[in-house]
Amino acid sequence: MTDIQGLAGLIPLFPIIGAFIFGMSAVFGDKFFKGNTVRVVSVFSPLMIFISFAIGLIYFAKIIQLPVDSRVIHEVVFPWFKSALFVSNIGFALDPLSIIMVLIVSGVSFLIHVYSIGYMRGDPGYSRFFSYLNLFTGMMLILVMADNLLLMFVGWEGVGLCSYLLIGFWYKDINNSRAGMKAFIVNRIGDFAFIIGMFTMFWVLGNATGIYSFDFSFLNSNASVLAKETILGFPAPEFICIMFFIGATGKSAQIPLYTWLPDAMAGPTPVSALIHAATMVTAGVFMIGRLGGLFMQAPIALTVVAIIGGFTALFAATIALTQNDIKKVLAYSTVSQLGYMFLAMGVGAFSAGIFHLMTHAFFKGLLFLGSGSVILGMHHDQDMRHMGGLAPRMKITGRTFLIGVLAISGIFPFAGFFSKDEILFNTFLASHGSIGPLVANILYTLGIVTAALTAFYMFRQYFMTFSGEFRGSPKDDHGHHGAHKLEDVHESPKVVTIPLMILALLSAVAGFFNLPEVMGGGAWFHHFLASVWPAPKGDHSQYHSLEISLAALSVTVALVSVGVSYIFYRKKKELPGKVVSKIPKIHQTLYNKYYVDELYDKIAVQPVLSGSRGIGWFDKYIVDAVVNGVGSVTKYVSKINGWIDANIVDGAVNGLSNLVLWAGGKIRKIQTGYLYNYFYYAVGGAMIIAIIMIIL
Amino acid sequence: MINEHILTFITFFPLLGIPAILLLPKDKINAARWITLIVLGVSLVLSIDLYFLYDVTNPVRAYSEARSDLMFVEDLIWIKAFDIHYLVGVDGLSMPMVILTTFVSFVGAISSWDIKKAQRGYFILYILLYVGMMGVFVSIDFFLFYVFWEIMLLPMYFLIGIWGGPRKEYAAIKFFLYTLFGSVFMLIVMISFYLFSDLDPDPNKVLHTFNLVELGKSGVLMGPFVDGFLGLSAGAIKTIAWIFLFIGFAIKIPAFPFHTWLPDAHVEAPTAISVILAGVLLKMGTYGLIRINYPILPMETANLGPYLFAGLGVINIIYGALAAMAQTDLKKLIAYSSVSHMGFVMLGMGAFNIAGLNGAVLQMFNHGTITSMLFLLVGVVYDRAHHRDIDGFGGLASVVPKYTAFTAFAFFAGLGLPGLSGFISEALCFIGGFQQYKILTMIAASGVILNAAYLLWAFQRIFLGKLNEKYSDLPEIKMREVFSLVPMAAFVLVFGVYPLPILNLMAPTLEKIIEIIKPFVG
């Protein structure tokens, strides 16, 4: 089975075919599948993803069998962009990095497809939903498998499209549509930088090497050539990497382009789980990994990545402290966790970043799906202030959610502990690298404070939702929404809870894929990915004892936070209110997300809109007015001229123009003056030419 | 026989429809649209045939050894006294335009189905319009080119002026005079090219020519183009000639600030005519610049191109996008989006490298297909709601899902979504532009944000949100309308994923054109 070749293209193709078929069914309605829409879609949409996953496994098996230094399978489907200057193919390169991503994406996507069968049951847009979800998966697979930047960009924008479509899935509420549009446009701002990075790299590298190409293998292996080059006065690798990173801040919701992600929670919860937690938002992290060879040439850019990542992690965690919407907490938590991943990438710990990407996909996917199950159970009420004490009513959801909370809080031995610890350890060690001790220590502090906050707000969420007294939705708002009595709350069906259990299992044990040597493991994940990037300098094995102490520190911090959270939300419930009343300004600022949306509206959105109105005015009342002015002046001149003409030039010309005027039919009545002009131009032109001829 | 004279057939065969339409009995006037569809269908099939016959490795009736990519040449003496030839041929530059013209015209004929007023006149003019456009793209003789250029004006004038909207007269006159104003400049240059050209190597004999290929050869242009004139140097004369030609073509593109006729013409024109206008006519401007300015005045092209191609192109992109955002009339919005999208063509043209020129010509084709879809779709909703006010709809997605799906597809194609054809050409224009103009191209690239913003914003206001109850029983898109959209959608999708057929088609010619200009680019 493992000698199958040329199948890589099928991995994204199957979901795309599915998207097309279910899209047709969505457009043509129930008759497309002869009334069996729900049944057909429920079986075949997840199946498409499962096939991709299965083919991915085959390739995974193939890659493992290859020698460590040549673990890449490259398959070209056909040439795509082609000019005398360069060729870019529809081609896929599967190496340890991309195959891991393929398995994460298709695996998590499959589980979420299954979950959605239950979650979206009865929705009038059932088929449309699965069409989008399939398309998303296909695009995400293209993104991670592409062998060149241009093709990656297809996936990059393709997932953005699907994100747009799915955030605004319930389009009848204009706010959902607005959130979708915001996501797309903010992402486009990032894409604009991405494009600039892409083309700068193409030309600078091409001019330096004589080979023009967008292929990753070429870019990464020749990136060192860039070191001597400059662009617009900046060192080329730094400029290019900063541009790519701005692209990443859009897709992966980092400062300053993160504002779309919390709004994106308007989409159905499986979408939040798949796109806005597990896969798409990690594309920026993956991209830095994919371009690792390039980023290693840009120490300043990497430092920027680490700093932005570190600050975003803390910044978003502080906002998450105050949110009451069950999904909003998770959204800010995602922004924060993505910050961790960028922190890892920035300190050069690529495999640690990707490892956290994977464990995060499991536990954040789990948490979102769990919150979706809660939302189902609560009859579409998302406000945690109305929840509480749900654990006995929703046993599976409650337990699996707790596993997710433990994992994200970094409690040993859940997955998040290992991945987060790896990042913190590497950040600490970065003081020996190009970042320098000061920045590294600040970053480590940011990381550990964020870890404390994370444990706090995640347990806050758990306590507010699952333990204590049930508070119930208020009766007055939304008559049909919400659960008013605990008896109204119900556990979700198996099709929802089974994916929860699988993800919970993965969240519990995935850490062992990368068990550090100091704990007796082989760091399999790290070693598997290591061949993707040039070997880093230095050896970390001398820091084993340090690693243990740092791990102990972070677990202690997390446990203390859990304890504080327990006191706040279980023991002394008046405490949160007291604290808030002590610092109302700070609380308001956090609750309103530092007013960043309002700021962007003032400094970006409104200026563009008024600029556009200004241009519209300018076009109508200046540019066009000049044209019309020239027209009317000519008309008056022609009237005078016409008088002279009628009295001086003989009737032959008049006869001819009358003939044409007759042809003009009814138009003649209104605009005769203009038609005369035509003749004057033509006659005038001929006269000029005649004069030229006579002179010569 | 047909293959020998395939270009003549493609261009003139539809003329046979005119007597047929005139001979229709009064009660069978509806058949005019069938006749038009059939004659244009024949040309369409022939153009597909032409695509398969066009093979650079096996040229048919090539112009010369050196220009073997210029094929299916027919050369007859038309007016002997002035050395005017009926000289037609196609190369990699005109092939995509020929195919675009037959497809867009055919699709436009389908969407003309509901024309009720004076059908005979409409379809006769429509056929004439087609002949004029096709003639422009196949002419290799400047005079012939000019004649077709002017032929196309008149039917367009009447088609807007008679079958148009409330302000049709104003729009028609504006279009007509504006274009005519430009073509007077072209005329002057054309005649001076003729008068000061000499093909005869014998210094005592003179042989003037309108032949565009020969005019591009060094040493053919004489007189003021070598010695100067009225105290102006030869360089200045050439620069003036270049600018005159540019004015003529820029109005058609339309390049800022010559663009204001376009929104008016579009808003007033009937749907099919808007489709033709945006789908084919605008391309004649950029086509003319590449066909005439590039090879005949390469040095001036290299000198002025950075400002008037790339510079104005970037203004077009940004200005057009911002102006589009300010519109409330959907058709006007699409019209300004054309201004923006044609800016990409100009940027690519101004790049003076193969990627840019490839991108420019491909963008001409892709914009033709994408914008055709957009105007067809505007027509669909206008037919039903009788207005185009973007804010006057709301929530249509739940009433007309098929129409919504087509519009979403066209809008995303319009905003250059990767995987659809517009992305390929825009990216090539950027790649090309970036080599020459870093900052300028970066500014241009910000157009991708603006394009997304105004298209998605319009989409949201029309289709999403709460349904406007006025339109709760808006009829869904009809089969005939779907037929007119599908060919365009197919081009957009196929060339987005597999653009090789069209890239290979144009590559040999465009490489030759770049070779001409290269020595002059600093």
**Fill in**
When the stretch A:161-174 is checked residue by residue, the ones that are more than 9 Å from chain B (Cβ to nearest Cβ) and in a helix (DSSP H, G or I) are A:C162, A:S163, A:L166, A:I167
**Asked** Across the stretch A:34-74, which residue is modelled with the lowest pLDDT among those that are over 23 Å from A:F525 (Cβ atoms) and of a type in the set (G, A, S)?
**Response** A:G35
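For residues that are small (G, A, S) and part of a strand (DSSP E or B), tally how many sit in the stretch B:84-101.
Summing the residues that are small (G, A, S) and part of a strand (DSSP E or B) in the stretch B:84-101 gives 1.
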**Request:** Can you run down the residue pairs with Cβ atoms below 8 Å, 6 or more apart or on separate chains, where the first is in the stretch B:254-265 and among the basic types (K, R) and the partner is open to solvent by 10 Å² or more (accessible area, probe 1.4 Å)?
**Result:** none
**Request:** Name the residue, out of A:I196, A:I189, that is touching a residue at least 12 places away in the same chain (Cβ under 8 Å), in a helix (DSSP H, G or I), at the interface with chain B (Cβ under 7 Å from one of its Cβ atoms) and open to solvent by 20 Å² or more (accessible area, probe 1.4 Å).
**Result:** A:I189
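Quick check: anything in the stretch B:202-211 in a helix (DSSP H, G or I), away from chain A (no Cβ under 14 Å) and crowded, with 21+ Cβ neighbours inside 10 Å?
No, the stretch B:202-211 has no match at all.
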**Message:** Can you report the number of residues in the stretch A:219-272 which are part of a helix (DSSP H, G or I), touching a Leu at 6+ places or on another chain (Cβ under 6 Å) and within 28 Å of A:Y132 (Cβ to Cβ)?
**Reply:** 3
**Request:** Please enumerate the residues belonging to the stretch B:158-170 that are modelled with pLDDT of 90 or more and either surrounded by fewer than 21 Cβ atoms within 10 Å (Cβ to Cβ) or touching a His at 6+ places or on another chain (Cβ under 6 Å) (or both).
**Result:** none
**B:L456 buried (at least 24 other Cβ atoms within 10 Å of the Cβ) and either farther than 30 Å from B:G394 by Cβ or within 7 Å of chain A (Cβ to nearest Cβ) (or both)** = yes
**Request:** Could you tell me whether B:A250 is in contact (Cβ under 8 Å) with a residue 60 or more places away in the chain, surrounded by fewer than 22 Cβ atoms within 10 Å (Cβ to Cβ), of a type in the set (A, V, I, L, M, F, W, C) and in a helix (DSSP H, G or I)?
**Result:** no
**Request:** Out of B:A81, B:A62, report the one residue that is outside any helix (DSSP H, G or I), free of Cβ contacts under 8 Å to residues at least 12 places away in the same chain and among the hydrophobic types (A, V, I, L, M, F, W, C).
**Result:** B:A62
**Message:** For the stretch B:171-194, check the following and say yes or no: at least one residue is surrounded by fewer than 20 Cβ atoms within 10 Å (Cβ to Cβ), more than 30 Å from B:E214 (Cβ to Cβ) and more than 7 Å from chain A (Cβ to nearest Cβ).
**Reply:** no
**Message:** Filter the stretch A:609-633 down to the residues that are open to solvent by 60 Å² or more (accessible area, probe 1.4 Å) and either within 7 Å of chain B (Cβ to nearest Cβ) or touching a residue at least 60 places away in the same chain (Cβ under 8 Å) (or both) and list them by number.
**Reply:** A:R613
**Prompt:** List pairs: first in the stretch A:513-529 and at positive phi, second outside any helix (DSSP H, G or I), Cβ under 6 Å, 6+ apart or cross-chain?
**Reply:** A:A523/A:P516
**Item:** Qualifying residue in the stretch B:136-147 (condition: open to solvent by less than 10 Å² (accessible area, probe 1.4 Å), within 10 Å of chain A (Cβ to nearest Cβ) and more than 23 Å from B:A31 (Cα to Cα))
**Value:** no
**Request:** Would you be able to tell me the number of residues in the stretch A:477-527 that are in a helix (DSSP H, G or I) and open to solvent by 60 Å² or more (accessible area, probe 1.4 Å)?
**Result:** 14
**Message:** Between A:A208, A:A223, which is open to solvent by less than 10 Å² (accessible area, probe 1.4 Å), more than 11 Å from chain B (Cβ to nearest Cβ), in contact with a helix residue (DSSP H, G or I) (Cβ under 8 Å, 6 or more places away or on another chain) and aliphatic (A, V, I, L, M)?
**Reply:** A:A223
**Request:** Could you pull out every one of the helices (runs of 4 or more DSSP H) wholly within the stretch B:428-522 that has 3 or more residues that are modelled with pLDDT of 90 or more and over 29 Å from B:T404 (Cβ atoms)?
**Result:** B:438-445, B:500-517
**Asked** Looking at the stretch A:161-169, is at least one residue surrounded by 24 or more Cβ atoms within 10 Å (Cβ to Cβ), among the aliphatic types (A, V, I, L, M) and under 24 Å from A:G247 (Cβ atoms)?
**Response** yes
**Request:** Out of B:D389, B:D383, report the one residue that is open to solvent by 20 Å² or more (accessible area, probe 1.4 Å), over 24 Å from B:V494 (Cα atoms) and touching a strand residue (DSSP E or B) at 6+ places or on another chain (Cβ under 8 Å).
**Result:** B:D389
**Item:** A:L294 out of contact with any strand residue (DSSP E or B) (no Cβ under 8 Å at 6 or more places or on another chain) and either farther than 27 Å from A:C162 by Cα or open to solvent by 10 Å² or more (accessible area, probe 1.4 Å) (or both)
**Value:** yes
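The values are calculated or read from the model by the stated rules, or taken from the named source; none is laboratory data. Since the model is a prediction, treat every value here as computed from it, not as a measurement. Methodologically, a virtual Cβ is constructed for each residue, glycine included, from the backbone with ideal geometry; neighbour enumeration extends over all protein chains shown. Heads up: the accessible areas ignore ligands, DNA and RNA and are worked out on the full protein's heavy atoms, side chains in. Shrake-Rupley method; radii C 1.70, N 1.55, O 1.52, S 1.80 Å.
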